[in-house]
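Notes for the one structure printed next.
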Amino acid sequence: MTHDHDLVLRPSAAQTEAALNPPPGRNGGDLVVETLSGLGATTVFGLPGQHALGMFDALRRSALQYVGLRVENNAGFAADAYGRITGEAAPLLLSTGPGALTSLAALQEAAAASAPVLAISSQIPTAGLGGGRHGYLHELPDQQASFRGVVKSVHTVRAQSQIPSALAAAWESALTAPHGPVWVEIPQDVLLAPTNLPVVTAMDATPEEVVPRPELTAVAAHLLSTAARPAIIAGGGVVRADASGKLLQLAERLNAPVVTTFGGKGAFPWNHPLSLQSWLEDRHTTDLLEDADVLLVIGSGLGELSSNYHTFKPRGRVVQIEADLGKLESNHPALGIHGDARLALSALLETVGERPDPTAPERVRTLLARVGERIAAQELTLEQDVLAAVRRALPDGSPSFWDMTILAYWAWSAFDPRRPNTMHSAQGAGGLGYGFPAALGAAAADPTRPVLAVSGDGGALYSIAELATAKQYGLDVTWLIVDDGGYGILREYMTDAFGQATATELARPDYVALAESFGVPGIRTSPGTLEADLSKALATPGPSVVLLPAVLRMFAPTHLDG
């Protein structure tokens, strides 16, 4: 009796001949790039270093496109964005020790945002491994230990024959829901040593599907169908699963209002009659969600920002669908369903009943009107006008990447992304410097449309060196820098808390002149000319900088009330 797993494909005569006589001049680095190509990678990001030179030497013998950034952390942000845009695992090539460690903040953001990144680092020679103090350049007692608490999985290589399987396992891990960054470590001598192993060809690394349990989705469908006041919170898991269409079907069938988290921007049409938009940092929204007798939370762990700083206290039954097992019921008791958002929504649509509710659109209109009145009372016309100008200037379908800056905090709540998977920010881990290098990664992923990056002057200084990258590769990114002379949001926080700010003011360069020194055109704009200047920059191929000197204010929080 023959079982399927007993079947082995026999190589052809030509394949056998090629395997027996591999091309000369290959090393362990070639096994890396051949495996990446076999897995389907087309673009890699990184920065060369002494121990990693075997991989970089092999790149010239491959068809992989290499995008080299100037700082490892920025290379990690670029790979993160590439993964978000394409849904593929973006390879990130790094050197040992300082080079690898410099990427940690970017990998933390990728982990928080469930972005698939395949980080491949060199290691000191195998003779120096084992925790001894051998004094090798870049030596760490246990390099992997620095990454275990950050990435999704760690994979080690100690011989050339392990390279293809280790990379395939890492690739599968990165792309199994929830997506995330993974870490592969290969010693210098393994990368540099000549190899007679056959050229790596077909690789099988199919991600596992996280299928929800049918008895749980049946209970959820019953609860939603019989609810008096259902509501839905849609998180980033909906966007990553490409499940926005199914979410729309479910919401319309249930007549359930939908709010999207900041990571879930675009998961639901902004101006739909059932759209509560993204005003999560608003007590009016919190009240409506607390009043729901059945609340469906899909693709969100209801973390700090999504729960209005943990002031949200649901009174009804919560149904939580989440691919990340660790986030399931981590903040609120619920009917927890471990599963991919798309598969779970498909299961609900098979059994959930029509639920007429002519009052739902009116409740949505009332909620949005109350939010609008609260914002209007704070006299924040400048901020709203600037954000509206950015929206009008940005072509539909063009992605935008937002740094941790006041205009981005406005955008989380008030910006209409128009389409799923087009608005991204660093609100997962909250580190500075994300916007511009991430936009470069998105431009490398899809060079057919312009990309917008938005930074404050403080965040811009983290990634200013990448103007050289943008120019070198001709990446079509327009960088809007809002210059308020410091860390604006921290200035606000400290002034509110202590009466005055400390360590928030910055001496800054002339950003327009600095951009032009890199060969990148720059322009100084104003709130009145922003739309025209930004539209022109986005319509002009290649990188550009638009500088907006302006002091913006944040709308008042509601989580401190009472």
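Observations on the model:
- Of Asp457, Asp324, the order by accessible heavy-atom surface (1.4 Å probe, DNA, RNA and ligands excluded), from most exposed downward, is Asp324, Asp457.
- Computed over protein heavy atoms with a 1.4 Å probe, the accessible surface of the stretch 355-481 works out to 33 Å² per residue.
- Only Lys, Arg (+1) and Asp, Glu (-1) charged, at Cβ; the stretch 259-335 dipole about Cα centre in debye: 60 debye
- Relative contact order (%) - criterion: Cα under 8 Å, at least six apart; region: the stretch 199-336: 23 percent
- Of Glu215, Glu281, the residue with the largest accessible area leads and the full order is Glu215, Glu281 (1.4 Å probe).
- Net dipole in debye of the stretch 149-301 [+1 Lys, Arg Cβ; -1 Asp, Glu Cβ; about Cα centre; nearest 20]: 120 debye
- Take every pair of alpha-carbon atoms less than 8 Å apart whose residues are at least six positions apart; their mean separation over the length of the chain yields a relative contact order of 13 percent.
- Applying both filters, DSSP loop and at most 16 other Cβ atoms within 10 Å, to the GluC sites (Glu not before Pro) of the stretch 443-533 eliminates every site.
- Shape analysis of the stretch 451-562 based on the Cα gyration tensor places the equivalent ellipsoid semi-axes at 30, 16, 12 Å, largest first.
- Apportionment of accessible area to carbon and sulfur, the chain, percent (1.4 Å): 54 percent
- Each other residue within a Cβ distance under 14 Å of Gly458 adds +1 if Lys or Arg and -1 if Asp or Glu, for a net charge of -4.
- Computed label-point distance, nm, for sites Glu304 and Gln249 using a 7 Å Cα→Cβ extension: 3.8 nm
- For the chain, the share of DSSP beta bridges that are antiparallel, to the nearest 5, is 5%.
- Ellipticity estimate at 222 nm from DSSP helix runs (n ≥ 4, -39,500 (n - 2.57)) divided over the chain, nearest 500: -11000 deg cm²/dmol
- Computed over protein heavy atoms with a 1.4 Å probe, the accessible surface of the stretch 67-146 works out to 30 Å² per residue.
- Note that the stretch 313-427 shows a convex hull volume over its alpha carbon atoms of 182 Å³ per residue.
- Straight-distance crosslink candidates among aspartates and glutamates, where the alpha carbon sits under 15 Å from Lys152 and sequence neighbours closer than 8 are dropped: Asp80, Glu109, Glu172, Glu185, Glu208, Asp324
- The stretch 262-356, Cα convex hull volume normalised per residue, Å³: 112 Å³
- D_trans [Stokes-Einstein, Kirkwood Rh over alpha-carbon pairs] for the stretch 313-370, 10 °C, 1.306 mPa s, µm² s⁻¹: 115 µm²/s
- Heavy-atom SASA rank of Arg61, Arg315, Arg26 (probe 1.4 Å, accessible area, largest first): Arg315, Arg61, Arg26
- Over all pairs of different C-alpha atoms, the stretch 397-530 has a mean inverse distance whose reciprocal, the Kirkwood radius, equals 15.5 Å.
- In the chain, the sites counted are chymotrypsin sites (Phe, Trp or Tyr not before Pro) in DSSP loop states with at most 16 other Cβ atoms within 10 Å, and the longest stretch holding none of them, exclusive of the sites, is 1-269.
- The stretch 94-218 - convex hull of the alpha-carbon atoms, volume per residue in Å³: 122 Å³
- Simple Cβ-charge dipole of the chain, Lys/Arg +1 and Asp/Glu -1, about Cα centre, in debye nearest 20: 240 debye
- In terms of distances greater than 32 angstrom between alpha carbons, the cross-link table entries Lys327/Lys536; Lys246/Lys327; Lys246/Lys313 yield Lys327/Lys536.
The values are calculated or read from the model by the stated rules, or taken from the named source; none is laboratory data. What you are looking at is a predicted structure, and each value in this text was computed from that prediction instead of being measured. Because the Cβ atoms are built from the backbone with ideal geometry, glycine has one as well, and the counts that use them run over all protein chains shown. Only protein heavy atoms, including side chains, enter the accessible area calculation; ligands, DNA and RNA are left aside. Shrake-Rupley method; radii C 1.70, N 1.55, O 1.52, S 1.80 Å.
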